[in-house]
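Asks: Have a look at this one before I ask anything.
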């Protein structure tokens, strides 16, 4: 047993040390300022067309549409894409009296073929309208918002600055959760607003910023280079779409000063279901490795993208290591002579070993929890308390364990060629 523990320690400690070095390095990077660019600056105001794919979103769609309409911008339009909803989604939207809203209804058998197909459908119609009205597609920005999305008031101001660079083909804003009183939602808030946002900021320096589904901006002229179906049938169609733009030489920006708010998943089973879809989509994107290697991207950008593509598989391997580690720790604690811990002259080394183990397990999560407090404390209306963030950080190892059933579910679905879309369910909101 001692030999096994020593071997595990020899393997794990260098890996954990590298992880600490990594998070320290990316955390010390200053926020990237994309305004400092040598590209020419465009002065014409772009058109922002908000596309909201909807499948049974009656619980949340009203607030989403109304929050977008409240943005202070003239050239703003909303297209609600109803993917054959069974509920009152369309009826709720029609009750909102505003000329900037359009409803695009999809019917069977074309409906419910995935989010990508719904977006492709309305994209083709937007292209026809833009051509008919003689609008420059370079000045048209499609903005993808989920049914529960809530943009921050400065969203379009930051997006406008990003797209002033004509070489920018897409942008992704940061994500926050609205229902942070729930533990699982709070953990997702820490993950997206602190962890993922910090990684995205580092990708600005590498030129490998990724796209997510909610709060995603894309220039119509860049999309037209991808043909009539810019979004693929991949279950991670947002990242796959962004990857296509990067490969073709378009820049993608991370909007770090604005946010898109959404509901966090409050059920562990629903969370695993959502993450299994993401992981399976990531597995599907692995087929694009050759394209990435052949693209005219910086070497570090290629390495970052390849690392992301391999994450489900490394997580799959890591799940074995994690389970083995917990089993060994359990066996060790069960068989350990705790009386020896206090009577032995070597007790000080036992204490040091215990503290080191606790640091390795809880240190990274505690770091992200405190960092989340620092980030959110700048926003008095959306801040999290210090102790709330500390508790979130300490529970991060248990939150990360949810990766194990997620990647295993994704692997099984991929092996059985099950590619059905697993929709994230919404909860009723107070009006």
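The values are calculated or read from the model by the stated rules, or taken from the named source; none is laboratory data. Please read these numbers as outputs of a predicted model, since none were measured by experiment. All Cβ positions, even for glycine, are placed from backbone atoms using ideal geometry, and neighbour counts span all protein chains on display.
Asks: So which of 160, 139 ends up being in the same structural domain as residue 48 (by TED's automatic domain parsing), over 18 Å from the mean Cα position of the chain (by Cα), within 20 Å of residue 70 (Cβ to Cβ) and touching a residue at least 12 places away in the same chain (Cβ under 8 Å)? Don't jump to the end; show me each part of the working.
Replies: On the way: 139 fails: within 20 Å of residue 70 (Cβ to Cβ).
From the options 160, 139, the qualifying one is 160.
Asks: Can you tell me how many residues in region 179-207 are outside any helix (DSSP H, G or I) and either touching a helix residue (DSSP H, G or I) at 6+ places or on another chain (Cβ under 8 Å) or closer than 23 Å to residue 248 by Cβ (or both)? Reasoning before the result, please.
Replies: Pass one, region 179-207, residues outside any helix (DSSP H, G or I): 179-182, 207.
Right, trim to either touching a helix residue (DSSP H, G or I) at 6+ places or on another chain (Cβ under 8 Å) or closer than 23 Å to residue 248 by Cβ (or both) and you get 179-180, 207.
Adding up the residues that qualify gives 3.
Asks: So, restricting to helices (runs of 4 or more DSSP H) that lie completely within region 43-153, which ones have at least 1 residues that are over 19 Å from residue 260 (Cα atoms)?
Replies: Working: elements: 61-69, 89-94, 115-132.
Result: 89-94, 115-132.
Asks: Right, here's the next one. What about residue 394, is it under 30 Å from residue 85 (Cβ atoms) and either surrounded by 16 or more Cβ atoms within 10 Å (Cβ to Cβ) or modelled with pLDDT of 90 or more (or both)? Walk me through it before giving the result.
Replies: Values: under 30 Å from residue 85 (Cβ atoms): no; either surrounded by 16 or more Cβ atoms within 10 Å (Cβ to Cβ) or modelled with pLDDT of 90 or more (or both): yes.
It is false that residue 394 is under 30 Å from residue 85 (Cβ atoms) and either surrounded by 16 or more Cβ atoms within 10 Å (Cβ to Cβ) or modelled with pLDDT of 90 or more (or both).
Asks: Okay, moving on. For the structure I just gave you, tell me whether residue 167 is more than 22 Å from residue 374 (Cβ to Cβ) and touching a helix residue (DSSP H, G or I) at 6+ places or on another chain (Cβ under 6 Å).
Replies: Working: more than 22 Å from residue 374 (Cβ to Cβ): yes; touching a helix residue (DSSP H, G or I) at 6+ places or on another chain (Cβ under 6 Å): no.
Answer is no for this residue.
Asks: With respect to residue 112, is the statement that it is modelled with pLDDT under 95, over 16 Å from residue 214 (Cβ atoms) and not assigned by TED's automatic domain parsing to the domain that holds residue 376 true? Walk me through it before giving the result.
Replies: Working: modelled with pLDDT under 95: yes; over 16 Å from residue 214 (Cβ atoms): yes; not assigned by TED's automatic domain parsing to the domain that holds residue 376: yes.
Yes.
Asks: On the given criteria, is residue 232 outside any loop (DSSP other than H, G, I, E, B), surrounded by 20 or more Cβ atoms within 10 Å (Cβ to Cβ) and not assigned by TED's automatic domain parsing to the domain that holds residue 373? Talk me through it step by step, then tell me what you get.
Replies: On the way: outside any loop (DSSP other than H, G, I, E, B): no; surrounded by 20 or more Cβ atoms within 10 Å (Cβ to Cβ): yes; not assigned by TED's automatic domain parsing to the domain that holds residue 373: yes.
No.
Conditions (1) in contact with a strand residue (DSSP E or B) (Cβ under 8 Å, 6 or more places away or on another chain); (2) surrounded by fewer than 20 Cβ atoms within 10 Å (Cβ to Cβ); (3) modelled with pLDDT of 90 or more; (4) in the same structural domain as residue 167 (by TED's automatic domain parsing), marked per residue:
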residue	(1), (2), (3), (4)
51	yes, no, yes, yes
57	no, no, yes, yes
64	yes, no, yes, yes
68	yes, no, yes, yes
75	yes, yes, yes, yes
85	yes, no, yes, yes
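Asks: Quick one: is residue 42 surrounded by 15 or more Cβ atoms within 10 Å (Cβ to Cβ), more than 22 Å from residue 426 (Cβ to Cβ) and at pLDDT below 95?
Replies: Numbers: surrounded by 15 or more Cβ atoms within 10 Å (Cβ to Cβ): yes; more than 22 Å from residue 426 (Cβ to Cβ): yes; at pLDDT below 95: yes.
So residue 42 fits the description; yes.
Asks: Looking at 256, 194, 218, which one is on the phi < 0 side of the Ramachandran plot, in contact with a strand residue (DSSP E or B) (Cβ under 9 Å, 6 or more places away or on another chain) and crowded, with 24+ Cβ neighbours inside 10 Å? Walk me through how you get there before you give the answer.
Replies: On the way: 256 fails: crowded, with 24+ Cβ neighbours inside 10 Å; 194 fails: in contact with a strand residue (DSSP E or B) (Cβ under 9 Å, 6 or more places away or on another chain).
It is 218.
Asks: Can I ask one more? I'm checking my understanding of the structure. Among residues of region 259-273 that are touching a residue at least 24 places away in the same chain (Cβ under 8 Å) and surrounded by fewer than 18 Cβ atoms within 10 Å (Cβ to Cβ), which one is farthest from residue 425 (Cα to Cα)?
Replies: At the first step, the residues of region 259-273 found to be touching a residue at least 24 places away in the same chain (Cβ under 8 Å) are 259-268, 270-273.
This time we only want the ones that are surrounded by fewer than 18 Cβ atoms within 10 Å (Cβ to Cβ), so: 266-268, 270.
Values: 266: 10, 267: 10, 268: 12, 270: 8 Å.
My answer is 268.
Asks: Take residue 215 and tell me if it is out of contact with any helix residue (DSSP H, G or I) (no Cβ under 9 Å at 6 or more places or on another chain), under 30 Å from residue 427 (Cα atoms) and assigned by TED's automatic domain parsing to the domain that holds residue 65. Don't jump to the end; show me each part of the working.
Replies: Details: out of contact with any helix residue (DSSP H, G or I) (no Cβ under 9 Å at 6 or more places or on another chain): no; under 30 Å from residue 427 (Cα atoms): yes; assigned by TED's automatic domain parsing to the domain that holds residue 65: yes.
No, not satisfied.
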